[in-house]
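The values are calculated or read from the model by the stated rules, or taken from the named source; none is laboratory data. Since this is a predicted model, take the numbers as computed values, not measurements. Cβ coordinates were reconstructed from backbone atoms using ideal geometry, including for glycine residues, and neighbour counts include every protein chain displayed. Protein only, heavy atoms only, side chains kept; ligands, DNA and RNA dropped before computing areas. Shrake-Rupley method; radii C 1.70, N 1.55, O 1.52, S 1.80 Å.
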Amino acid sequence: MAVLPAADLRRAVRQGLEEDAGQGDVTTAALFPTAVPAQARIIAQQELIVAGMAPAIQVFVAVDPSLALTVMKKDGARATSGETLLRIEGDGRSILTAERVALNFLQHLSGIATLTARFRTAVRGYPVAILDTRKTLPGWRAIQKWAVALGGGTNHRRSLSDGILIKDNHLSLLPHKQAVRHACKLAKSRGKSRMPIIVEVESLAEVTQALAGQADIILLDNMTPTMVRTAVRMVKRRALVEVSGGVTLKNVRAMAAAGPDRISIGALTHSAPAATMTLELEPAGRTRKRQR
């Protein structure tokens, strides 16, 4: 179950509203000097996994606590094109002011959850975890990772303090012929606590070094499925095997079939397309067509 990062959501909502409406909504104020009773609904325009409903609600409530909100699809729920996700009733001026910030949360986070779910579907039948990375927007890491979890993914490190992950640039600073093995040994001897040692390798020779260094997780960087399969055979369950780099929806199933334990994908957070949805607003009391 995805844990709601409440404090991070509140901070992001506060910053989003300050950025967008901190100096007021001059267009709405110019057009509507008095309250305008209105009704609105946010509608999905594609199949998606809902993520961001919690911050969207916080946005509307922060702008106007008197707005009446009816959640039709909770965070983590599936929605099809045309389905209503949220209903809002109250002063149309408040709805207009909150609209873009609320949609930004819903569209961006639903996009992440939806893409994650597509990767999970693509590897169905294989016992492999789909992981995110630290390639996140500054200040949004916790909520982006929450969206990944809502889509069925698994969270990797949340910060540099969450685990020892030795990457190529760490290795480049070690003047040692067998830098991978040496780095693993150093991490094991100098680490403040017994955290799992993850080491990134770029060749099968470095897989051998990682095993000699007793790495807990061997991260195969930018390897082909054939190379991954060979590496898995070499490891023989002496460590977990993770695949990363160049993983797409087109090749992820082939990667999963090669036998790794984990596949980490930066695109889940840094390249997920925003989910398409819209907010329809109209005067209160107007009869609508049949809605889903």
Sorted peptide list for 130-139, 150-159, 211-220, criterion being average Cβ within 10 angstrom, highest first: 211-220, 150-159, 130-139
Helix-only mean residue ellipticity at 222 nm for the chain, each DSSP H run of n ≥ 4 adding -39500 (n - 2.57), per residue, nearest 500: -12500 deg cm²/dmol
Mean Cα-pair separation over length for segment 178-281, i.e. relative contact order, pairs under 8 Å, 6 or more apart, %: 21
Segment 92-151 versus segment 209-245: alpha-carbon centroid distance in Å: 29
Volume per residue of the C-alpha convex hull in segment 123-273, rounded to whole Å³: 117
Cα convex hull volume per residue for segment 1-122 (Å³): 105
Listed residue pairs exceeding 28 Å between alpha carbons, taken from Lys188/Lys236; Lys145/Lys177; Lys185/Lys250; Lys167/Lys236: Lys145/Lys177; Lys185/Lys250
With every protein chain in place, the chain: carbon and sulfur % of accessible area (1.4 Å): 53
Radius ratio Rg over Rh of segment 196-292, counting only Cα atoms, Kirkwood formula for Rh: 1.37
Å² of accessible area per residue within the chain, as computed with a 1.4 Å probe and no ligands counted: 51
Whole-Å semi-axes of the ellipsoid equivalent to segment 69-141 (Cα gyration tensor, √5λ, descending): 30, 17, 8
Nearest-ten-degree value, helix 6-21 long axis tilted from longest Cα axis of the chain: 50
Value of relative contact order over the chain, rounded to a whole percent, pairs C-alpha under 8 Å and six or more apart: 23
Taking all pairs of distinct alpha-carbon atoms in segment 91-207, Kirkwood radius in angstrom: 17.3
Folded to 0 to 90 degrees: helix 92-122 orientation relative to the chain principal axis, Cα: 30
Order by protection proxy (mean Cβ within 10 Å, highest first), peptides 102-113, 30-41: 102-113, 30-41
Crossing angle, helix 53-63 versus the chain [Cα axis fit, 0-90 degrees, rounded to tens]: 40
Relative contact order, percent, segment 39-104 [alpha-carbon distance under 8 Å, six or more residues apart]: 47
Compactness of the chain - radius of gyration and Dmax, Cα, Å: 23.3, 76
